[in-house]
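A quick write-up on the structure given underneath.
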Amino acid sequence: MNAILKKKFFRRKEQAEIQSLNQKLTEPAFLIKKDWVIATVKYKLKLIDLNLSDTYNRKIMQKVEYRVKKADSIARKLIKKGYPVTYENAKNKLNDIIGIRVVCLYSDDVYKISDRLKLQKDFTLIKEKDYIKAPKKSGYQSLHLILDIPLICDQTTEYQRVEIQIRTVAMDFWAGVDNHICYKKNPDEIKKAEADLKNYSAVISNMDKQMLNLRKKVEKM
């Protein structure tokens, strides 16, 4: 098989795998479970926000967003990790098929929200990744919680995995710019942009600290 035919073969094979995966992701059972998990976590976050806002006499969460990974994004991630593109591998090997993002004003609020989520008796913490205290090499900052959410139906309990990202408005702005400029782009073409973005991440981190200090100063007045 020559190189051109081989490339076409794998392209067709990958497209077939993605199509099969997409069929699974659009089945009624998956959609119902997805909607239930998102609704459950959003409900918890509303209660946490209400409680924290009452405690500190200010609005804590600025916005809550969610997304479900598309089949092609799941396929790319599985291939990158060295796994065959199947629905079972997607469920068992990936933690972020369902993702929820919480954005707040101040960096200390990130940890207030995280602590409250970890206190939920029906949520099981699988992993915590703190990219605020230890940013990624790219400069990315955020706090990630991987949680298992129980879906109870009749006599069975099925756990649904979700990744919750908690970050400040400034961190969210940086991540949005990074995604717009660098995501899926040729690495050789964006080296300069990546270097600049990493520098700007440090600027944003410093701004977060300054804004937090300003808020604390005003609270003491």
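The values are calculated or read from the model by the stated rules, or taken from the named source; none is laboratory data. All values derive from a computational prediction rather than experimental measurement. Counting neighbours? That spans all protein chains shown, and the Cβs are built from the backbone with ideal geometry, glycine included. Areas reflect the complete protein model, heavy atoms only, side chains present, ligands, DNA and RNA absent. Shrake-Rupley method; radii C 1.70, N 1.55, O 1.52, S 1.80 Å.
Things worth noting here:
- Looking only at region 14-48, residues that are exposed (fewer than 11 other Cβ atoms within 10 Å of the Cβ) and outside any helix (DSSP H, G or I) come to 1 in all.
- Asn95 meets each of the listed conditions (1) of a type outside the set (Val, Ile, Thr); (2) assigned to a helix (DSSP H, G or I); (3) crowded, with 16+ Cβ neighbours inside 10 Å apart from (2).
- Lys59 being open to solvent by 80 Å² or more (accessible area, probe 1.4 Å), without any contact (Cβ under 8 Å) to a residue 60 or more places away in the chain, closer than 21 Å to Asp172 by Cβ and among the basic types (Lys, Arg): yes
- Any pair with Cβ under 9 angstrom, 6 or more apart, that starts in region 112-141 at a residue that is part of a strand (DSSP E or B) and ends at one that is open to solvent by 70 Å² or more (accessible area, probe 1.4 Å): Thr124/Tyr159; Leu125/Lys118; Ile126/Arg161; Glu128/Lys118
- All of (1) open to solvent by 60 Å² or more (accessible area, probe 1.4 Å); (2) more than 15 Å from the chain's Cα centre (by Cα) hold for Lys77 with one exception: (2).
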